[in-house]
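Following: one structure in structure tokens, then a few remarks.
The values are calculated or read from the model by the stated rules, or taken from the named source; none is laboratory data. For clarity, every value in this text was computed on a predicted model and none was experimentally measured. Heads up, the Cβs are rebuilt from the backbone with ideal geometry, glycines too, and the neighbour counts pull from every protein chain shown.
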Amino acid sequence: MYIKIYFGDKPVYLCDEINQELNELMHHPDSVFVDEISTPAINSLLHEIRKEEFHAGILWHPDLEKLKKAFFKHFTLIEAAGGIVQNDKKELLFILRLGKWDLPKGKIEKKEKADECALREVTEETGIGKLKLKKLIGETWHAYDQFGKHFLKRSHWYYMTCEGRQTPKAQAEEHITEVKWFSTMHIKDPIANTYPAIKDILMVFFDEP
């Protein structure tokens, strides 16, 4: 089992076993492999993964929960939630934020449940209402630096539908410049200019029955 955390476009895997995918990745000259969870070892991995010549990292330990605890203490954890929204015509809703296509999401507020946050954020960022929550699709992780601190964001993704083909409205204060429905036929357009984590969760969505 593993979780995948993106540092920009570079994945770091926290795992308690090495499957075929990770075994192949381990033997790439531009991958970093660490099999201890000491602070110096984790700091070394975090330093190496930021170098241009490296594109992936693997951190292994037989106890995944212990590994996660050791890794997470280097970051401030942020919980977020968002939606994969589909209308009556089976089109999917995307937002254009800072020049990249994304899915609507935002930080979970105090005393707010993840699914409540997902519904709220979709409506706030896109103007789409009358949403029906269907199911949890999965979660994604990504790390980033801000104000001199290291943050780790976990985003919970929910599948939801809406009535009709509503006209969206972009939330400008969140740097969203466009909200658009894409048919399955044209889904490659936003996927060609989005984040790896978004590609991953959409792959899970499309693979589900």
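Structure values in brief
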| read-out | value |
| --- | --- |
| Candidate set: the range 124-137, residues that are surrounded by fewer than 17 Cβ atoms within 10 Å (Cβ to Cβ) and more than 16 Å from the chain's Cα centre (by Cα); chosen: the one nearest to Val204 (Cα to Cα) | Lys135 |
| Qualifying residue in the range 160-173 (condition: more than 22 Å from Phe205 (Cβ to Cβ) and free of Cβ contacts under 8 Å to residues at least 12 places away in the same chain) | yes |
| Answer from Glu116, Glu24, Glu112 - the residue that is assigned to a helix (DSSP H, G or I) and either under 20 Å from the mean Cα position of the chain (by Cα) or surrounded by 14 or more Cβ atoms within 10 Å (Cβ to Cβ) (or both) | Glu116 |
| Matching residues in the range 32-61 - criterion: being in contact with a helix residue (DSSP H, G or I) (Cβ under 7 Å, 6 or more places away or on another chain) and under 21 Å from Phe72 (Cα atoms) | Val32, Phe33, Val34, Ile37, Ile42, Ala56, Gly57, Ile58, Leu59, His61 |
| Residues satisfying the stated conditions in the range 129-159, i.e. free of Cβ contacts under 8 Å to residues at least 60 places away in the same chain and touching a Cys at 6+ places or on another chain (Cβ under 9 Å) | Gly129, Lys130, Leu131, Lys132 |
| Filter result for the condition that a residue is out of contact with any His (no Cβ under 6 Å at 6 or more places or on another chain), modelled with pLDDT of 95 or more, outside the structural domain of Gly148 (by TED's automatic domain parsing) and surrounded by fewer than 18 Cβ atoms within 10 Å (Cβ to Cβ), over Glu36, Glu65 | Glu65 |
| Candidates Glu178, Glu173, filtered to the one that is in a helix (DSSP H, G or I), out of contact with any helix residue (DSSP H, G or I) (no Cβ under 9 Å at 6 or more places or on another chain) and loosely packed, with under 12 Cβ neighbours inside 10 Å | Glu173 |
| Single condition Phe147 does not satisfy, out of (1) among the aromatic types (Phe, Trp, Tyr); (2) surrounded by 14 or more Cβ atoms within 10 Å (Cβ to Cβ); (3) under 27 Å from Leu14 (Cβ atoms) | (2) |
| Of the criteria (1) part of a strand (DSSP E or B); (2) modelled with pLDDT under 95; (3) in contact with a Ser or Thr (Cβ under 9 Å, 6 or more places away or on another chain), which one Phe206 fails | (1) |
